[in-house]
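Presented below is the structure to which this report refers.
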Amino acid sequence: MIPLKYNVRNLRVRWKTTLMTILGTALLVASSCILFGLVEGLEYSLKVSGDPLDLIVLRKGSSNETTGGFETSKADQLLTLPGIQRDPSGAPLAAKELLNIANGERANGTRNNLIIRGVQPASRDLRPDFKIVAGRDFVEGRGECIVSKIVSRRYKGGQIGGLLYFGDKEQYRVVGIFTAGGSAAESEVWADLRDVEKNTGRDGSVSCVQIRAASLPDYEKLQKTINDDTQFKLEAKSEKAYFEDQSRMGLFLKAAGTLIAVLLTFGAMFAAANTMFAAVSSRTREIGTLRALGFPQSDILISFLGESFLLCALGGALGLLATLPLNLLTIETFNFGSFASISISFRFGWTVAAVAMIMTVAMGLFGGMFPALRAVRLEVIAALREL
Amino acid sequence: MEAKGYSFMRQTSSIVLRSVYKEYRRDEFVIPVLADLDLEVAEGEYLALMGPSGSGKTTLLNLVAGLDRSTKGEVTVHGQVLGHLSEAEVTRWRANNVGFIFQTYNLIPVLTAFENVELPLLLTSLSRRKRREHVMTALRIVGLEKREHHYPRQLSGGQEQRVAIARAIVTDPYLLVADEPTGDLDRTTAGEILDLLELLNREFQKTIVMVTHDPLAAARASRVLHLDKGRLVDEVIQETRVSIAS
């Protein structure tokens, strides 16, 4: 077997070409990883939003809580249905919620749609890891609100004590900042249900009702009762399924990301192949010498494939390292489902690692394959004559 | 000096070529290089091949070393008919039986003298410790044991060729093939390299086949064959070889 140091030192000798290829590869791997990291972040935020015992009740035919609403009277009836989980005080773990999409002003002066969610006390328990991390919770009926960390940072008046102004009729005083386990709620502003009803003039209607069933049989029973009741004309969806539906944007991003990653990988394969072809050409006589000394063709193939792989692995590792600081990155994008902004945090997970690994292996192996085969097919005598 | 190789050649032939014909094809052209060549080289003989460019001497060397195959005829080296071996088998055969010395040394520039000499041993099952022993022995024979950590660029031409000779002998092959081994060296250094080859032939009984244009180099061999247009045109058995200069 040809020693690995032969390849390592050759890469070092051609350090300029090696560095350029590594940087190119790193750039491609990093850009794909960022894309997939954001897709994974989006999927995660929507996935953690759904509890397996949670139901979300919407108007029949409505696919999104922002696009349909129904009467409060119906919502009140839902809260009395048997099978709903109770909190320690005996109150049902269910909440009426009213959503309003308001056009908020960002700190940088641009405007964007924000979800203002009118909530009830149980809403907090229905979100994973809901926590007030600064300030306090709002007091009902006083025009106060709490905002997620991201909203607090990005929107004018989003800091504690600030005023979120969406017009003369709709404004809320920020009294606290919350986190919700990275779920979709972290892109929202929460206020008292009655304040939102009053400010938006939508008194007597709700956007949805969130319910947590006491058990799995209760969950199925509740869903059946609500869906089969012709008076209600409502649909109880599994919260999980609802958020999966919402993550269709993620699917689009994923498809686009995959396409881009494949194209980038092809590009990088050519770059790696180019470098390796140059390596084979400049070392033709060495290859001839190694063959004359008795190294079999398979050893030459492995050696050059290994060199190409090493080159791309260095690039892949560098690309992956470059994405690590992005773990703190959060971007705000438009959710076509709700017509409001959604914040996505970059997530360095298995998908990102797998993307980097697949790209690296593909670039290293396929980029190195043709040059390595060329090296193997060289006639020993002709190779020895090369200058 | 007695041409001792030639005297026992017929009893113990190391290399036997029978009606060897070799041609190359370049597009529609057929270029004959060797024509019905018969040759025997005795074990331990030092043979020099001379002739003008294109006379077929390097082709003959390549056939004997298992780097090329004859179009017709049979090449037998140490009892092995090379034409019967597959590509992989002949590669393995080369590793075990032939040491190569090239005009331009053909050392791997990114490996040290030690690592270059060690290369052929990587194809064996020897332990690292054993490999080190063998490499140091070979470097000692060529007088470069103190240069083991030097890269080729840090050595003179003559030293590079010595490293190449150490690499050729490190597996203790019974055949050494040398293609213009002094072609790139000045007269004094060339003399030292030829001394070394002669030493390997005399003291270590290596069979050597050397291609050369240099009459002084050929004068060191026990037999000189002259080729022209693919045929043997002259054969000189050297009763007195030029003795080791040093």
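Quick check on region A:276-290: of everything there that is open to solvent by less than 10 Å² (accessible area, probe 1.4 Å) and either basic (K, R) or under 14 Å from A:L11 (Cβ atoms) (or both), which residue is nearest to the other protein chains (Cβ to nearest Cβ)?
Among residues in region A:276-290 that are open to solvent by less than 10 Å² (accessible area, probe 1.4 Å) and either basic (K, R) or under 14 Å from A:L11 (Cβ atoms) (or both), the one nearest to the other protein chains (Cβ to nearest Cβ) is A:R283.
So if I check each of A:F266, A:F295, which one is outside any helix (DSSP H, G or I) and of a type in the set (F, W, Y)?
A:F295
Sort out which residues of region A:78-113 are within 17 Å of A:A191 (Cβ to Cβ) and either buried (at least 19 other Cβ atoms within 10 Å of the Cβ) or not assigned by TED's automatic domain parsing to the domain that holds A:L164 (or both), and write them in order of number.
Within region A:78-113, A:A95, A:K96, A:E97, A:L98, A:L99, A:N100, A:A102, A:G104 qualify.
Quick test of your reading of the structure: A:N7 fulfils all but one of (1) more than 14 Å from every other protein chain (Cβ to nearest Cβ); (2) polar (S, T, N, Q); (3) in a helix (DSSP H, G or I). Name the failing condition by number.
Unmet for A:N7, out of (1) more than 14 Å from every other protein chain (Cβ to nearest Cβ); (2) polar (S, T, N, Q); (3) in a helix (DSSP H, G or I): (1).
What's the number of the only condition in (1) closer than 30 Å to B:A95 by Cα; (2) free of Cβ contacts under 8 Å to residues at least 40 places away in the same chain; (3) among the hydrophobic types (A, V, I, L, M, F, W, C) that A:I287 fails to meet?
Tallying (1) closer than 30 Å to B:A95 by Cα; (2) free of Cβ contacts under 8 Å to residues at least 40 places away in the same chain; (3) among the hydrophobic types (A, V, I, L, M, F, W, C), A:I287 fails exactly one: (2).
When region A:350-362 is examined, which residues are found to be hydrophobic (A, V, I, L, M, F, W, C), surrounded by 20 or more Cβ atoms within 10 Å (Cβ to Cβ) and out of contact with any Leu (no Cβ under 8 Å at 6 or more places or on another chain)?
A:V355
Here are A:L27, A:L19: which of them is away from chain B (no Cβ under 14 Å), surrounded by fewer than 21 Cβ atoms within 10 Å (Cβ to Cβ) and closer than 30 Å to B:E118 by Cβ?
A:L19
For region A:116-142, how many residues meet the condition of being crowded, with 17+ Cβ neighbours inside 10 Å and not hydrophobic (A, V, I, L, M, F, W, C)?
7
Does A:A75 satisfy the condition of being in the same structural domain as A:T225 (by TED's automatic domain parsing), open to solvent by 40 Å² or more (accessible area, probe 1.4 Å) and of a type in the set (A, V, I, L, M)?
In short, no.
Mind listing whichever residues of region B:14-70 are in a helix (DSSP H, G or I) and either without any contact (Cβ under 8 Å) to a residue 60 or more places away in the chain or not hydrophobic (A, V, I, L, M, F, W, C) (or both)?
B:K57, B:T58, B:T59, B:N62, B:L63, listed by residue number.
Among the listed residues B:E89, B:E40, identify the single one that is closer than 16 Å to B:I208 by Cα and more than 15 Å from the chain's Cα centre (by Cα).
B:E40
Tell me, please, whether a residue that is modelled with pLDDT of 90 or more and of a type in the set (G, A, S) can be found in region A:106-113.
No, there is no match, as no residue in region A:106-113 is modelled with pLDDT of 90 or more and of a type in the set (G, A, S).
Taking only pairs six or more apart or across chains, which ones have beta-carbon atoms under 9 Å, a first residue in region A:263-283 that is free of Cβ contacts under 8 Å to residues at least 40 places away in the same chain, and a second residue that is open to solvent by 70 Å² or more (accessible area, probe 1.4 Å)?
Hits for this filter: A:F266/A:F366; A:S281/A:R374; A:S281/A:E386.
Given B:L49, B:L122, which one is open to solvent by 20 Å² or more (accessible area, probe 1.4 Å), at pLDDT 95 or above and either out of contact with any Ser or Thr (no Cβ under 7 Å at 6 or more places or on another chain) or within 9 Å of another protein chain (Cβ to nearest Cβ) (or both)?
B:L122
So which residues in region B:71-100 are more than 11 Å from chain A (Cβ to nearest Cβ) and either crowded, with 22+ Cβ neighbours inside 10 Å or assigned to a helix (DSSP H, G or I) (or both)?
B:V75, B:V77, B:L82, B:G83, B:H84
Being over 27 Å from A:G267 (Cβ atoms), within 14 Å of another protein chain (Cβ to nearest Cβ) and either in contact (Cβ under 8 Å) with a residue 60 or more places away in the chain or open to solvent by 10 Å² or more (accessible area, probe 1.4 Å) (or both) is the requirement here; does A:Y44 meet it?
Against the criterion (over 27 Å from A:G267 (Cβ atoms), within 14 Å of another protein chain (Cβ to nearest Cβ) and either in contact (Cβ under 8 Å) with a residue 60 or more places away in the chain or open to solvent by 10 Å² or more (accessible area, probe 1.4 Å) (or both)), A:Y44 does not qualify.
What is the number of the single condition among (1) touching a residue at least 12 places away in the same chain (Cβ under 8 Å); (2) over 30 Å from B:L111 (Cβ atoms) that A:S89 does not meet?
Condition not satisfied by A:S89: (1).
The values are calculated or read from the model by the stated rules, or taken from the named source; none is laboratory data. Quick caveat: nothing in here was measured; it's all calculated off a predicted structure. Cβ coordinates were reconstructed from backbone atoms using ideal geometry, including for glycine residues, and neighbour counts include every protein chain displayed. Protein only, heavy atoms only, side chains kept; ligands, DNA and RNA dropped before computing areas. Shrake-Rupley method; radii C 1.70, N 1.55, O 1.52, S 1.80 Å.
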